[in-house]
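Take a look at the structure below.
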Amino acid sequence: MPDPMSRTILHVDLEPIGRRVQIEAGQTLLDAARAAGIKMVAVCGGEGWCHTCVVRPLTGQFSDLTQPEQDELSAKRLSAGLRLACQAKPRSDVKVELLPESLATQQRLQLEGQDAGYAPASLVEAIDVTIAPATLDDLRADVTRLQDAVQASTGCRPTFPHASLRDLSGQLRAQQWTARLGIRQAPPDGEVVAVRAHGTPLLGLAVDIGTTKIAAYLVELATGRTLARAGAVNPQVAYGEDVISRIAYAKVHSDGRVVLQARVAETLNGLVAAMCTEIGATRNQVADSVVVGNTAMHHLFAGLPVEQLGQVPFVPTISDPLDVRAGDLGLELAPGAYIHFPANIAGFVGSDHVAMALSTGVWETDRTAVAVDIGTNTEVTLAKGGGKWSCSCASGPAFEGAHIRDGMRAAPGAIERVQIVDGQPRLKAIGDQPPIGICGSGIIDAVAELLRTGVIDRKGVLDKQAPRVDREGEMFYYVLAVPSTTGHGRPIVVSRKDINEIQLAKAAIRAGIDILLSEAKVGYDEIDDFIVAGAFGTYLDIGSTVRTGMFPPLPLDRFKQVGNAAGAGARQMLISAGRRSVAAGLARQVAYVELTVHPEFTRKYLHAMYF
């Protein structure tokens, strides 16, 4: 008689791809990934001897460790709770994180954007010094010798923090008593944050920590050139899809804040190592850094409390610029390097929006401009006649594929473009692979096309008689891709619930835009420039956003998609101390509008639900 448990159906959430699949009890996590169409590295074919398909269990119950796992995984990985996907079998509904090195193909991460565009005037200056060797006749300490040499050259006598002393004496002797000092401008005479070989370029790190994605840039401080770029999924996704769920995680778990901070630091260290390897540098050359993010991401990485951000009146711990020693946050750069956190505007409008406004020039334009940075949390700024207003829209994770039946993040196989021609969908999947799901730009396109062709009405209701409309129980859906054309042999559909999720997300954004326009007494026809920033915004079809009503009905030539403008602003602040001051002033000038208590929000939100 067969074991009845063998027919038990379990649900497996696969992060950070954002796919949820069903498997039978007794199947492995590798089976689940394959069922989702996700390509994992499994050199041994699933036999357990190659240790390439590593995953991190997050929730649920799993089978015990197998002997191959104990043999192949290091003690450090075992103590961290990591498993091999080909060996671990769920015993309940589970959520797991697929480690980046275990994925055969990576998610698409938007790293481009405007160049920094400003002449370098870094806060860290490189000074080359040569000093006389110590002798029995000259017993000055190594630091004193360096201070004397710098003072003779510049008139300033910098301090040496403890972190810069650890390897100093050995370096000086190995380098024949020469050194390049990275001296950070700090009253009264500066502070040595890096000690490298004579002539070694000093580098800076600019980072945009998004709710879903992280973008990092390695920059030469003396020239302002961006030497390397790298991106990763924010590992905090595995602990909650949006900022509210992560705030809740930090509140519920005694070590929650520590875990969330450490995961980001771990990811950034990996990105820094990869970029340094790419250009033949070392992490000890990275003498300065600027990190931007929304207020919750800012607080979590800076190790600040976030519980108050989830409670009315949503007040941040700090809104002023903040400088923290990188090592204190687990970031492995030059021993004395600092992280500069620019100013936040409010509880849900952070330094990433300040950086975006800085790089796009929306803060100083004499035109009427709207700037929208779209993500799980969407920030909007309106500039008119010297006045600036901003708000935060809880657009949610639907644009990342979450809460969408066949949704996924922007990884190979995700449908990113949809057209309906003569009643038949034409699909483009990332990497030109057979589709396995649909990402944010694809679902927006799909809804816009269903609206254009009359398959749905203004309320989002499907025409039950339309071609390719089918049902499952009480739920109607439109078939985008039939099983014979997909990468996993199952249909990919857009359900009525999916359409409603897009209505909720786009209504939040449009209501925020409309409220700022009303606050500034600006009509649609007065908008000169509509700037769309952010990784997701890069891949949007603007025509689809206008058709669905997410953006106002403006001529398409007024829209400008600028990519990762927050990353560009971070790079400006990295290479220019003056731009840091400008950003701090900008944050103070913005009038923040709290949508949750605005008397017009509910009415405008409900109106914006319609297509």
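Structural remarks
- For the chain, the relative contact order works out to 14 percent when only alpha carbon pairs closer than 8 Å and six or more residues apart are counted.
- Per-pair calculated FRET efficiency, R0 = 22 Å: S518 and R367 via Cβ, rounded to 0.05: 0.70
- Look at the alpha carbon pairs under 8 Å that are at least 6 residues apart: their mean separation over the length of region 4-102 gives a relative contact order of 37 percent.
- Relative contact order computed over region 463-611 (Cα-Cα under 8 Å; 6+ residues apart), in percent: 24 percent
- DSSP beta bridges in region 105-341 [antiparallel fraction, %, rounded to 5]: 75 percent
- Pairs spanning more than 24 Å between alpha-carbon atoms, out of K39/K506; K213/K388; K39/K213: K39/K506; K213/K388.
- Tail beyond 25 Å, pair distance distribution of region 147-287 (Cα, percent): 45 percent
- Other residues with beta-carbon under 12 Å from the beta-carbon of S122 carry, at +1 per Lys or Arg and -1 per Asp or Glu, a net charge of +1.
- Shape annotation for region 105-341: C-alpha extents along the principal axes are 65, 35, 30 Å, from largest to smallest.
- Per-peptide packing, taken as the mean over residues of other Cβ atoms within 10 Å, places 472-481, 142-151, 503-512 in the sequence 503-512, 142-151, 472-481 from highest down.
- FRET E, pair R558, K251, Förster distance 51 Å, beta-carbon r, rounded to 0.05: 0.75
- Region 219-250 and region 506-557 have Cα centres spaced 26 Å apart.
- Net lengthening on full extension, H607/T453 (0.36 nm per residue, minus Cα-Cα): 53.2 nm
- In this simple spin-label approximation, E47 and T159 carry label points 7 Å from Cα along the Cα→Cβ vector, and these lie 6.1 nm apart.
- Size of electric dipole in region 105-341: Cβ of Lys, Arg +1 and of Asp, Glu -1, about Cα centre, debye, nearest 20: 300 debye
- Placing +1 on each Lys and Arg Cβ and -1 on each Asp and Glu Cβ, with no other charges, gives region 402-496 a dipole about its Cα centre of roughly 120 debye.
- Using the Cβ-Cβ distance between L58 and A119 with R0 set to 45 Å, the FRET efficiency works out to roughly 0.45.
- For region 341-383, taking Cα atoms only, Rg and Dmax work out to 10.2, 30 Å respectively.
- Inter-label distance for D463 and I318, nm, one decimal - labels placed 7 Å from Cα along Cα-to-Cβ: 5.8 nm
- The reciprocal of the average 1/r between distinct C-alpha atoms defines the Kirkwood hydrodynamic radius, which for the chain equals 26.0 Å.
- Where only alpha carbons of region 4-102 are counted, the Rg and the Dmax (Å): 12.2, 37
- Of the residues Q27, L14, L98, the one whose Cα sits farthest towards the positive end of the charge dipole of region 4-102 is L14 (charges of +1 on Lys and Arg Cβ, -1 on Asp and Glu Cβ, taken about the Cα centre).
- Dipole orientation for the chain: of the candidates T212, Q171, L304, T212 has the Cα lying most toward the positive pole (charges on Cβ; Lys, Arg +1; Asp, Glu -1).
- Note on region 402-496: Kirkwood hydrodynamic radius from all Cα pairs is 13.1 Å, rounded to one decimal.
- Taking amide hydrogens as placed 1.01 Å from N in the peptide plane, the amide H of V195 sits under 5 Å from those of G182, each at least 5 positions away in sequence or on another chain.
- Check: region 4-102 dipole with +1 on Lys, Arg Cβ and -1 on Asp, Glu Cβ, in debye: 220 debye
- Across region 192-205, computed HN-Hα scalar couplings (Karplus, 6.51 cos²θ - 1.76 cosθ + 1.60, θ = phi - 60°) run 7, 10, 8, 10, 10, 5, 3, x, 5, x, 8, 10, x, 10 Hz from first to last residue, x flagging Gly and Pro.
- Residue-averaged [θ]222 nm for the chain, counting only DSSP H segments that reach four residues, each worth -39500 (n - 2.57): -8500 deg cm²/dmol
Throughout, read-outs are computed from the coordinates displayed, never taken from laboratory work. Not measured: the values here are computed from a predicted model. Don't worry about glycine lacking a Cβ; one is built from the backbone with ideal geometry, like all the others, and counts go over all protein chains shown.
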